[in-house]
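In what follows, a structure is listed as structure tokens, so that the remarks can point back to it.
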Amino acid sequence: MSRRRFLGGTVAAALGVGAAGCGSNDREQTDREGAGTRAGPVRLTDTPTPTAEPTPTGTPTATPIPEVVAEYGDQFDSIVNVVDAGADPEGEEPVNDVLTDAIADDTLVYFPAGRYALDYMEIENVSGFGLVSIPHERTVIVPNGPIDEIGNHFIDFRRVGDILLDGLEFDFTESGVGGAVRTIAEGNIVARNLQTHGKLPDRNPDRKHVAYRFEVQNPRGKGLVERVVARGGGHDGGNGVGIFVGKDHAGSLTFRDCEIANFPNNGLYASAPGQRLEGYTGNNGDIHVRGGRYENNNIANVRIGSTGSTVKDVLVVVDEVPPSPSDHHLNVRGIRLRARSDQLVENCEVRIGENAGPGFGAISYHPEHGSSVVRNTTIRVDRDDFNAIDATDASNGGSKAPLTFDDVTITGGASGGAAVKIADRPGTTLRDCRIDQSGTDRNGIVLVDSENCTVVGSTIRVTGRPIETENASVERRNLSIETLQPGGDTTPAADGG
């Protein structure tokens, strides 16, 4: 098969056969299988992957490299050893000239172990191109100057067919150093085993600061972004984004087992393709988030907005106040559903600690978002006056489409506010859910301007009102409802126990 088809086939095999939407019961067994990658997946645990010091180990390996040929040889017409081509593996001289000379159709450039200096690098107008390390060797790439000299974009793929990035580390530990790895493909993308050390230099509010950007512009194209780690985040007062998907994404992108933490302007910002605003219409490419840990990011830790997008097996943790552009822009949210419809959140865990800072919900809905499903998901909220589920009112316009919650568990000791607050969502259903919140004056389910809702087969144990309605109606069936009293005692509630 052609090399373009081979890379496309590699992506398809790694992703499984299609992505399931809200109405699917497919558990996507293939998502848990390996993709021929170098390391095991990030596990859904309490402990994030430790960040190693960005100092390369080992010595450069001379050509030929059997491991490189074995792993990538069928995908490219030519394979270039960057050191043999004249690059400095000690980081004294930038490697831009060597990389520029290597740019050609279906070319793979690999880096033996070393530390490589790089100025702004643009790769464009080729059918396929890859940058990889040698398996089991460390390649560290460091900007050859501050962002004021190099610019916002550090490595920039434009008008490229298929793109491969694998096994690279980026050292942004020096103050003022760093920039975006921007990967915009007309074909397919595989980007995996990438790690950023240090913080983005994101203090200039007149610039957009992004650690990684991915777009598949061909509607038939696919992308796999796997084991990308950026835990340094940005600065308080900055506006850095961990991963951004631009509005021109039209294909399908899967983010698997990534770790994104401490960014002031969203961790995984993937809602732009679904947005429809005056003068700004996205291409509605779908997004699928599989596993990984998103931690202490402001605005949203994971944010989707295109039709049929899904978030599964993801852990979100906010246990301290994240950095933010300003106090006015501090808004802690776990998973954010921004636009379109037919989206699914399944088998996820969201934890909002007592020191998390204020926000609009562990799972949060924009009024323009349509119908979607949250299933088999656990939310713990210990931060006072913080709603576990929050669908904001649509007084300024919105879809007013119903939401569905199946087998959702909400626990924690938060006081004030509500476990679930739904506004302007007639026909919303909560089925087989459990709400158990012990903080004072904590309400269970609050429905506002929402007729014909249903709460069925669920347990509600709170200190405030279990179910509260305002210009709303709700059918209650098979409920176990208890009002918690001071000291932990319970009494059956009058409205449905």
*Those residues that are touching a residue at least 60 places away in the same chain (Cβ under 8 Å) and more than 15 Å from Val229 (Cα to Cα), I need them from region 148-182; list them, please.*
Gly161, Asp162, Leu164
_Any chance Tyr110 is in contact with a His (Cβ under 9 Å, 6 or more places away or on another chain) and either crowded, with 19+ Cβ neighbours inside 10 Å or more than 17 Å from Arg138 (Cα to Cα) (or both)_ = no
_One residue is enough: does region 204-226 have a residue meeting the conditions on the phi > 0 side of the Ramachandran plot and in contact (Cβ under 8 Å) with a residue 40 or more places away in the chain?_
no
*Does Asp436 meet the test of being open to solvent by 20 Å² or more (accessible area, probe 1.4 Å), under 21 Å from Leu337 (Cα atoms) and either touching a residue at least 24 places away in the same chain (Cβ under 8 Å) or not in a strand (DSSP E or B) (or both)?*
no
_Looking at region 412-433 only, could you name the residues that are of a type outside the set (D, E, K, R), closer than 18 Å to Tyr365 by Cβ and not in a strand (DSSP E or B)?_
Gly417, Pro426, Gly427, Thr428, Cys433
*Can Gly223 be described as of a type in the set (Gly, Ala, Ser), in contact with a helix residue (DSSP H, G or I) (Cβ under 8 Å, 6 or more places away or on another chain) and either open to solvent by 30 Å² or more (accessible area, probe 1.4 Å) or farther than 15 Å from Ile260 by Cα (or both)?*
yes
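Rundown of residues vs (1) under 22 Å from Val316 (Cα atoms); (2) among the charged types (D, E, K, R); (3) under 25 Å from the mean Cα position of the chain (by Cα), yes/no style:
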site	(1), (2), (3)
Val373	yes, no, yes
Thr378	yes, no, yes
Asp385	yes, yes, no
Ala391	yes, no, yes
Asp407	yes, yes, yes
Thr411	yes, no, yes
Ser415	yes, no, no
Ala419	yes, no, yes
_Considering only region 202-214, I want to know if a residue exists there that is in contact with a Pro (Cβ under 8 Å, 6 or more places away or on another chain) and surrounded by 24 or more Cβ atoms within 10 Å (Cβ to Cβ)._
yes
*If you take the residues in region 237-246 that are part of a loop (DSSP other than H, G, I, E, B) and not small (Gly, Ala, Ser), which one is surrounded by the most Cβ atoms within 10 Å (Cβ to Cβ)?*
Val245
*Just wondering, is there one or more residues in region 371-380 that are out of contact with any strand residue (DSSP E or B) (no Cβ under 8 Å at 6 or more places or on another chain), surrounded by fewer than 20 Cβ atoms within 10 Å (Cβ to Cβ) and in a loop (DSSP other than H, G, I, E, B)?*
no
_Residue ranges of strands (runs of 3 or more DSSP E) in region 247-329 with at least 1 members among the β-branched types (Val, Ile, Thr) and either surrounded by 24 or more Cβ atoms within 10 Å (Cβ to Cβ) or in contact with a Leu (Cβ under 9 Å, 6 or more places away or on another chain) (or both)_ = 252-256, 259-261, 286-290, 302-304, 310-312, 315-318
*Among the residues of region 44-101, which ones are under 30 Å from Arg290 (Cα atoms), touching a Phe, Trp or Tyr at 6+ places or on another chain (Cβ under 9 Å), at pLDDT 75 or above and open to solvent by less than 60 Å² (accessible area, probe 1.4 Å)?*
Val68, Tyr72, Gln75, Phe76
*Report, by residue number, each residue of region 126-160 that is part of a helix (DSSP H, G or I) and crowded, with 20+ Cβ neighbours inside 10 Å.*
Ile147
*Could you tell me which of the residues Gly198, Gly187 is over 19 Å from Val228 (Cβ atoms) and touching a Ser or Thr at 6+ places or on another chain (Cβ under 9 Å)?*
Gly187
_Looking at the structure I just gave you, is Ala211 under 16 Å from Ile287 (Cβ atoms) and either modelled with pLDDT of 95 or more or out of contact with any Phe, Trp or Tyr (no Cβ under 6 Å at 6 or more places or on another chain) (or both)?_
no
_Take the residues in region 161-175 that are under 21 Å from the mean Cα position of the chain (by Cα) and charged (D, E, K, R); name whichever of them is most open to solvent (accessible area, probe 1.4 Å)._
Glu169
_Kindly evaluate Leu344 against the criterion of being modelled with pLDDT of 95 or more and under 18 Å from Leu430 (Cβ atoms)._
yes
*Just wondering, is there one or more residues in region 389-411 that are open to solvent by less than 20 Å² (accessible area, probe 1.4 Å), assigned to a loop (DSSP other than H, G, I, E, B), among the polar types (S, T, N, Q) and touching a residue at least 24 places away in the same chain (Cβ under 8 Å)?*
no
*Report yes if some residue within region 338-349 is within 23 Å of Thr404 (Cα to Cα), touching a helix residue (DSSP H, G or I) at 6+ places or on another chain (Cβ under 6 Å), open to solvent by 20 Å² or more (accessible area, probe 1.4 Å) and not in a strand (DSSP E or B); otherwise report no.*
yes
_Scope region 176-195; condition in a strand (DSSP E or B), polar (S, T, N, Q) and either in contact with a Gly (Cβ under 6 Å, 6 or more places away or on another chain) or open to solvent by less than 10 Å² (accessible area, probe 1.4 Å) (or both); matching residues_ = Thr183, Asn193
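The values are calculated or read from the model by the stated rules, or taken from the named source; none is laboratory data. Note that the structure is predicted; figures quoted are calculated from it, not measured. So basically every Cβ, Gly included, is an ideal-geometry build from the backbone, and we count neighbours across all protein chains shown. SASA here: full protein model, heavy atoms, side chains in, ligands and nucleic acids out. Shrake-Rupley method; radii C 1.70, N 1.55, O 1.52, S 1.80 Å.
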